[in-house]
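Encoded as structure tokens, the structure appears first; notes follow it.
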Amino acid sequence: MEEPRSNPPSPIRFTRIDSTNDEAKRAVLRGCEDRLTIVADCQTSGRGSHGRPWSSPPGEDLYLSVIRHTTRPVRELPPITLAAGLAVADTVADHLPDQVPGIKWPNDILLAGQKCAGILTETVSHSTGTTVSAIVGIGLNVNRTEWSQDLSTTATSMKMVAGVDLDREEVLSTLLVHVHRWLDRFLDEGPGPIVTALERRLCFLGDPVRIGSVDGTFLGVTSTGAARLQTRDGEKEIVSGPIVPRSHRH
Ligand code: BTN
């Protein structure tokens, strides 16, 4: 029988850091323990996907990065972002039981149709052996209610939807439980359980969408985490987002 895993190490906390993903990379290079989490109250150079900045003011939201050492090849790791997305969606659902959070493939979490969280996964290869470290960075909008102009039409927070302040520490401890559970599950069992659980969380399933320059009907994800699109020329697999819903034509 498999040995039960020990508890993850206590998170390392910063009042202010450049980026929790960058601090996590430094921790990996120092030889940190598996499952270490870096948490910061604010980030001065928070990073989003596609090289965009991630606005990270203090006192309101959550910014964290979870480190996982694995011998799985890097090409098998993309579903780890989807596993983290399930963890964020479960967390939001636990605290806002009237809401149905969804995952906008591959790395956004939507609440009432707007983005409340994003995930940025990066990898660090070790100089010796076959181990790599996945750094799963999560930004979750908990209590923010004011946004810069460019974010105001697309972003939301748990507070904006719930109408009340949430206890950020409570949300963090729920999130850590779900994140460790889903990442363990992916690393132990592979993408199967992730792909199955996504069926009730994925946004735009069965809808007409565009990814990059490809139009089609969104069919879900493959075992490697790619999006499946039914196009006029047959089924296609698309490896990187974002996914854009298209209005139904009549
Ligand atoms: C995205 O949706 O574009 C991904 C956003 C990821 C933001 C988080 S906040 C914690 C971690 N540190 C970073 O610099 N980025 C990620």
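Just to be sure I understand the filter: pairs with C-beta atoms under 6 Å, separated by 6 or more residues or on different chains, first member in segment 189-202 and in contact (Cβ under 8 Å) with a residue 60 or more places away in the chain, second member open to solvent by less than 20 Å² (accessible area, probe 1.4 Å) and assigned to a helix (DSSP H, G or I). Which pairs pass?
Matching pairs, first to second residue: 191/79; 194/79; 194/82; 194/83; 194/186; 197/86; 201/89.
Would you pick out the residues in segment 83-115 that are open to solvent by less than 30 Å² (accessible area, probe 1.4 Å) and part of a helix (DSSP H, G or I)? Let's see the steps before the verdict.
Residues of segment 83-115 open to solvent by less than 30 Å² (accessible area, probe 1.4 Å): 83-93, 96, 101-103, 105, 107-111.
Across segment 83-115, the qualifying residues are 83, 84, 85, 86, 87, 88, 89, 90, 91, 92, 93.
I'd like the full set of residues that are in contact (Cβ under 8 Å) with a residue 40 or more places away in the chain, near the ligand (Cβ under 10 Å from one of its atoms) and not small (Gly, Ala, Ser), limited to segment 103-118. Please lay out each step first, then the result.
At the first step, the residues of segment 103-118 found to be in contact (Cβ under 8 Å) with a residue 40 or more places away in the chain are 103-108, 110-112, 114-116, 118.
Of the ones still in play, those that are also near the ligand (Cβ under 10 Å from one of its atoms) are 104, 106-108, 115, 118.
Selection gives 104, 106, 107, 108, 115.
Among the residues of segment 64-73, write down those that are open to solvent by 10 Å² or more (accessible area, probe 1.4 Å) and of a type outside the set (Ser, Thr, Tyr). Quick ask: steps written out before the conclusion?
As a first pass, look at segment 64-73 and keep what is open to solvent by 10 Å² or more (accessible area, probe 1.4 Å): 69-73.
Residues satisfying the conditions are 69, 72, 73.
Somewhere in segment 55-63, is a residue open to solvent by 10 Å² or more (accessible area, probe 1.4 Å), within 14 Å of the ligand (Cβ to nearest atom) and closer than 21 Å to residue 210 by Cα?
The answer is no; no qualifying residue exists.
Looking only at residues that are touching a helix residue (DSSP H, G or I) at 6+ places or on another chain (Cβ under 9 Å), closer than 13 Å to residue 96 by Cβ and among the hydrophobic types (A, V, I, L, M, F, W, C) in segment 119-160, which one is farthest from the ligand (Cβ to nearest atom)?
Step by step, filter segment 119-160, then rank; the result is 158.
Could you please find all residues in segment 42-51 being out of contact with any helix residue (DSSP H, G or I) (no Cβ under 9 Å at 6 or more places or on another chain) and either within 12 Å of residue 20 (Cα to Cα) or more than 6 Å from the ligand (Cβ to nearest atom) (or both)?
Of all residues in segment 42-51, those out of contact with any helix residue (DSSP H, G or I) (no Cβ under 9 Å at 6 or more places or on another chain) come to 42, 44, 48-51.
Residues satisfying the conditions are 42, 44, 48, 50, 51.
Report, by residue number, each residue of segment 121-176 that is of a type outside the set (Ser, Thr, Tyr), open to solvent by less than 40 Å² (accessible area, probe 1.4 Å) and out of contact with any strand residue (DSSP E or B) (no Cβ under 9 Å at 6 or more places or on another chain).
143, 166
Of the residues that sit in segment 203-250 and are open to solvent by 30 Å² or more (accessible area, probe 1.4 Å) and touching a residue at least 60 places away in the same chain (Cβ under 8 Å), which one is nearest to residue 154 (Cα to Cα)?
242
Given the options 157, 213, name the one that is among the hydroxyl-bearing types (Ser, Thr, Tyr), over 30 Å from residue 7 (Cα atoms) and out of contact with any Pro (no Cβ under 6 Å at 6 or more places or on another chain).
Just one listed residue meets the conditions, 213.
The values are calculated or read from the model by the stated rules, or taken from the named source; none is laboratory data. Since we're looking at a predicted model, the values are computed, not measured. When we count neighbours, we look across all protein chains shown, and the Cβ atoms used for this are built from the backbone with ideal geometry, even at glycine. With ligands, DNA and RNA removed, areas are computed over all heavy atoms of the protein, side chains included. Shrake-Rupley method; radii C 1.70, N 1.55, O 1.52, S 1.80 Å.
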